[in-house]
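Below is one structure, written out as structure tokens; the observations come after it.
The values are calculated or read from the model by the stated rules, or taken from the named source; none is laboratory data. This structure is a prediction, so every number in the text was calculated from the model and none was measured. Here Cβ is always computed from backbone atoms with ideal geometry, including for glycine, and neighbour counts include all displayed protein chains. Keep in mind that these areas ignore ligands, DNA and RNA; they rest on the heavy atoms of the full protein, side chains included. Shrake-Rupley method; radii C 1.70, N 1.55, O 1.52, S 1.80 Å.
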Amino acid sequence: MSHEYVVLQLTNYVVPATLLAILALGLNLQWGHTGLFNAGVAAYMGVGAYLFGMLTTGNFAADFNIPPDGTPDWLHWGPAQPWDLIPAALAAMVVAAVLGVLVAVPTLRLRADYLAIATLAFAEIVRLILKNERRLTGGDQTLAYIPRPFGGIVTEGWASDGVFMLVALALLVVVLYAMLRLTATPWGRALKAVREDEEAAEAMGKNAFVLKLGSIAIGCAVMGLAGALTVSFQKVAIPDQFVPFTTFTAYVVVILGGSGNPKGAVLGAYVFALFGWATQQAKAYLPDAFTLRIDFVNQIVIGLMLILIMIFRPEGMMPEERYVPRRR
Amino acid sequence: MMGLAGIWARASSLIGRLPTWSLVVLYLVAAIAWVGVFIGRLAWQAAIQGVVVGSIYVLGASGLSLTYGIRKFANFAHGDLMTVGAYVAFTLNVVAGQHIAWGFLLAPLVVALVAILLELLVFRRLEGRPNAALIASVGIALVIQNVISAIFLPDVKNLNVSVPQDFSIGGTGLSFNAVKGGLTLAISITFIVLMHVMLQYTTLGKAMRACADDIDLARTSGINVRNVILWTWVVAGSFAGIGGVMLAIIVNVYPYLGFFVLLFIFAAVIIGGIGSPYGAMLGGLLVGVIQKLSGVVFGELKIAGALEGGAAYEPAGAFLVMIIVLLIRPEGLMGTQRQRMGARGFRLRLRWPKGAVR
């Protein structure tokens, strides 16, 4: 076994798991800590992904039907000059957060289910726009050549994959640390108070609406970052990746790991990705008739997992740590 | 001799006395006419299609609203119950080679059975935890979609139903299909009337409304709440089954059929007022018509060069209307709860003028 093979196999598992963990950390703040059912995870991820892709490729869209004179048919709305990766990722996070707040303002004031349905509908609208407006976003499969971090220094292939894995892991550590710190602050505890009993929190002088908006903004920013990293790794943005199923995957991860515990969300992502990786590996050893259906079996198991966890162990693998005030 | 102002005063007082639902229908007709004047034949045709599609949404939405009223959670698996109905029809009609009428008979039975099983195995255990039930229903949706995909493979399939030619309505250039349009409308209207009779005049329907109002009070008044809940699932499931068969005839059969329709059904339920079956009926009609009309409008915008997507944005029109309704009348058209909305309510919620930093 050569080292190239080992690195490629390792990144095959670690990179999707790490990206899923970052996404789950964003969702965990909203669902786990604040109790908001945001069903538009895929949209915030998609917006972050496309904005990052547009900014870093610099209005160049790969055109698969290049006309004879050689100039591409259309360009997307990115800037004339490509941005650096870090400002582009920051812009993706900010725009995802702003969108999250814009959707949340009208729906947060209503019953909890309305947020779920409105965000799910919003996510579908976003996906349709990403897919159809080619002049704006580059459209389906044509926003390509998105750079990876250190793209100019590291050669393509296994080295590039390995470096990306390290960058993603470093970012995961940063986000996890930020989430652990955030949720330990008075602000983080107020979020939990809002989740447990909004009226009681209001009576104690906490502004539940503003707290929820803050949770939505920060969570959506992290989701935008996860989207940006995803397209950077793939080098191409695919709108059909941001379907509602992506949202539900993120929920499975958070609930499996333990809602309300950032470490649990990370653990959930790595366990969940192991399951997905194993089914992909199993494809090679199974008869053809079964490989056609293995993705469906995979998703049936995910669905059953959701149901069984909700019934038998709603607190997940790593339950939320109980907050016990220290004695002075 | 009454002046123009007098006529206006008369008219506005008359409008004020009309019930909400008739006003909504009036506005809808006005909207159709307005778009129709600008775009012409395409819009009128879209309105006809919209009424037909809307009548299917009505079947799904009224059942969803019924279960929401009693169980108090948004059931994300309701659309997939419709898919089950569509595949029952497909199995009977194509695999077993029977007449489609068997589908109409058996699909509601099978789907009602599935709904009862879901209640007994899953939702009953999650009583009093609406968020957990919502997430479990997402899991159920995934399981149903993928079990169907694994059995039938996710290809788009068609039923073996002979549909007569569209007949054109004399001289207007509009067309209407006797089976796809007429039969669908007739069945939907029959079932809406059935639901109305059940809710208003039968003991079961009254018990359902009582449970939706206050389940503890219903229990103490001697209503067997468990049985009422099971019957609610039977009604919702059989309506979803019928809706699924009609979707299979009008559209086609594929595993994500119901999940795609689910968003429109949710839009219908929200526009009508969540938990109110009559509101859901009105909402279904509205969503169907708006969806098809907005498809035409988006198509025109594509021709004008403003958009590239065109009719692909059809769902967006319905969702936008849903979001607008949420903004200006969050309790829905037929809902009862009143909340302070608008700019003033927003400012109150933010406590903006106090300048308190939190």
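Using a 1.4 Å probe, how large is the accessible area of A:GLU315, given in Å² and rounded to the nearest 10?
Spelled out: A:GLU315, probe radius 1.4 Å, area about 80 Å².
Compute the long axis of helix A:41-57 from its Cα atoms, compare it with the longest principal axis of the Cα atoms of chain A, and write down the angle in degrees, 0 to 90, nearest 10.
40 degrees
Given a cut-off of under 8 Å on Cα pairs at least six residues apart, what relative contact order in percent is computed for chain B?
That works out to 29 percent.
Which residues, if any, in region B:136-157 lose at least 40 square angstrom of accessible heavy-atom surface (probe 1.4 Å) when the other protein chains sit next to their chain rather than the chain being alone?
At a threshold of 40 Å² (probe 1.4 Å), the residues of region B:136-157 that become less exposed are B:VAL138, B:LEU142, B:VAL143, B:ASN146, B:ALA150, B:LEU153.
Considering only protein heavy atoms, with the full assembly of protein chains and a 1.4 angstrom probe, order A:PHE150, B:PHE152 by accessible area, largest first.
Heavy-atom accessible area, descending, gives A:PHE150, B:PHE152.
Cα to Cα, under 12 Å, and not fewer than 8 places away if on the same chain: which aspartates and glutamates meet these conditions relative to A:LYS283?
A:ASP295
Which aspartates and glutamates have a Cα lying under 18 Å from the Cα of B:LYS206, excluding residues fewer than 8 positions away in the same chain?
Output for B:LYS206: B:ASP214, B:ASP216.
Can you pull the one-decimal nm distance between simple spin-label points at A:ARG326 and B:SER162, each 7 Å off the Cα toward Cβ?
8.3 nm
Relative contact order for region B:251-291: what is it in percent, counting Cα pairs under 8 Å that are at least 6 residues apart?
Answer for region B:251-291 is 30 percent.
Roughly how big is the A-B contact, given as buried accessible area in Å² (both sides, 1.4 Å probe, nearest 100)?
Heavy-atom accessible area buried at this interface is about 4900 Å².
Quick check: from the Cα gyration tensor, does region B:10-115 come out rounded (a/c under 1.5), prolate or oblate?
oblate
Ordering A:TYR13, B:TYR313 by how much accessible area each has at a 1.4 Å probe, largest first, what is the list?
A:TYR13, B:TYR313
Express the carbon and sulfur contribution to the solvent-accessible surface of region A:3-242 as a percent, rounded to the nearest whole number, probe 1.4 angstrom.
Of the solvent-accessible surface of region A:3-242, carbon and sulfur hold 67 percent.
Nearest 10 degrees is fine. How inclined is helix A:208-234 to the longest principal axis of chain A, computing both from alpha carbons?
In chain A, helix A:208-234 runs at an angle near 30 degrees to the longest axis.
Let me check I've understood the local charge: for B:ARG129, count other residues with C-beta under 12 angstrom from its C-beta, Lys and Arg +1, Asp and Glu -1. What total comes out?
Summing Lys/Arg as +1 and Asp/Glu as -1 gives +3.
What are the semi-axes of the equivalent ellipsoid for region B:19-328, taken as the square roots of 5 times the Cα gyration tensor eigenvalues, largest first, in whole Å?
32, 23, 19
So which aspartates and glutamates pass the test for A:LYS235, namely a Cα distance under 13 Å, with those fewer than 8 places away in the same chain ruled out?
Straight-line reach from A:LYS235, under 13 Å: A:GLU156, A:ASP161.
How big is the accessible area of B:ASP166 in square angstrom, nearest 10, if you roll a 1.4 angstrom probe over the protein chains?
Accessible surface of B:ASP166 is approximately 90 Å².
How much accessible area per residue does region B:19-328 have, counting only protein heavy atoms and a probe of 1.4 Å, in square angstrom?
With the other protein chains kept in place, region B:19-328 gives 40 Å² per residue.
Projecting each Cα onto the charge dipole of region A:3-242 (Lys/Arg +1, Asp/Glu -1 at the beta carbon, about the Cα centre), which of A:GLY46, A:VAL210, A:LEU20 comes out farthest on the positive side?
Of A:GLY46, A:VAL210, A:LEU20, it is A:VAL210.
Across peptide B:124-130, what mean number of C-beta atoms from other chains lies inside 10 Å of a residue's C-beta?
Rounded to a whole number, the mean comes out at 2.
Relative contact order for chain A: what is it in percent, counting Cα pairs under 8 Å that are at least 6 residues apart?
It comes to 32 percent, rounded to a whole number.
Ranked highest first by average number of other Cβ atoms within 10 Å, how do A:208-215, B:47-54 line up?
Per-residue mean Cβ counts within 10 Å order the peptides as B:47-54, A:208-215.
Among the complete DSSP H segments of chain B, which ones combine at least 27 Å of alpha-carbon extent along their axis with a mean Kyte-Doolittle hydropathy of -1.0 or more?
B:20-39, B:41-71, B:100-121, B:130-152, B:225-250, B:277-304
How far is helix A:186-196 tilted, in degrees, relative to the longest principal axis of the Cα atoms in chain A, given as a value from 0 to 90 rounded to the nearest 10?
Taking the Cα atoms of chain A, the angle to A:186-196 is about 80 degrees.
Over region B:1-140, with every protein chain in place, what whole percent of the accessible area is carbon and sulfur at 1.4 Å, could you tell me?
75 percent
Which shape class applies to the protein assembly as shown: rounded if a/c is under 1.5, otherwise prolate when a/b exceeds b/c and oblate if not, where a ≥ b ≥ c are the square roots of the Cα gyration tensor eigenvalues?
In terms of gyration-tensor shape, rounded.
Under a point-charge model restricted to the Cβ atoms of Lys and Arg (+1) and Asp and Glu (-1), what is the dipole moment magnitude of chain B relative to its Cα centre, in debye to the nearest 20?
That gives a dipole near 1420 debye.
So what does A:PHE233 come to for accessible area, using a 1.4 Å probe and Å² rounded to 10?
Rounded to the nearest 10, that gives 40 Å².
If the viscosity is 0.890 mPa s and the temperature 25 °C, what Stokes-Einstein diffusion coefficient in µm²/s follows for chain A when Rh is the Kirkwood radius over Cα pairs?
Here the translational diffusion coefficient equals 118 µm²/s.
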